[in-house]
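S.K.: To start, I am sharing the structure in question, which I have written as structure tokens.
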Amino acid sequence: MKVYSFRTNKEDKDIEELLESLKEDKSQYIKNALRFYRDFGVKIAKIEAILEKLEQSGIQTQTPLQSPEHEPVIETSDDEKILLESLQDILSL
């Protein structure tokens, strides 16, 4: 079985804190993180690109911290509404 290791740099304090706080096996956590990145990294990047395009076009998306009652009403087409609802569903998973 191969063994992989890495070193952290001075600017990697956030990684060190995360790994130090783990009570379970750190190597299993790292393997799971790599698998998640392998499976969803490209998809997340595509979603981010879509969200950036939506923001640039002037469409506002609801973030999880915003309450729906304070959100301004924005006129959108049916296609845009469906796209926004789909993205909100994905992001709230």
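The values are calculated or read from the model by the stated rules, or taken from the named source; none is laboratory data. None of the values given here were measured: they were computed from a predicted structure. Backbone-built Cβ (ideal geometry, glycine too); neighbour counts: all protein chains shown. Ligands, DNA and RNA are excluded from the accessible area calculation, which covers all protein heavy atoms including side chains. Shrake-Rupley method; radii C 1.70, N 1.55, O 1.52, S 1.80 Å.
S.K.: Would you check the accessible area of residue 91, probe 1.4 Å, heavy atoms only, in square angstrom rounded to 10?
M.R.: 100
S.K.: Can you give the Rg to Rh ratio for segment 1-61, taking only C-alpha atoms and Rh from Kirkwood?
M.R.: Values: Rg = 16.8 Å, Rh = 14.6 Å.
On the Cα set of segment 1-61, Rg over Rh gives 1.15.
S.K.: Where does the charge balance sit around residue 85 when Lys and Arg score +1, Asp and Glu -1, over other residues with C-beta under 13 Å from its C-beta?
M.R.: Numbers: positive: 81; negative: 78, 79, 80, 89.
Around residue 85, the charge tally is -3.
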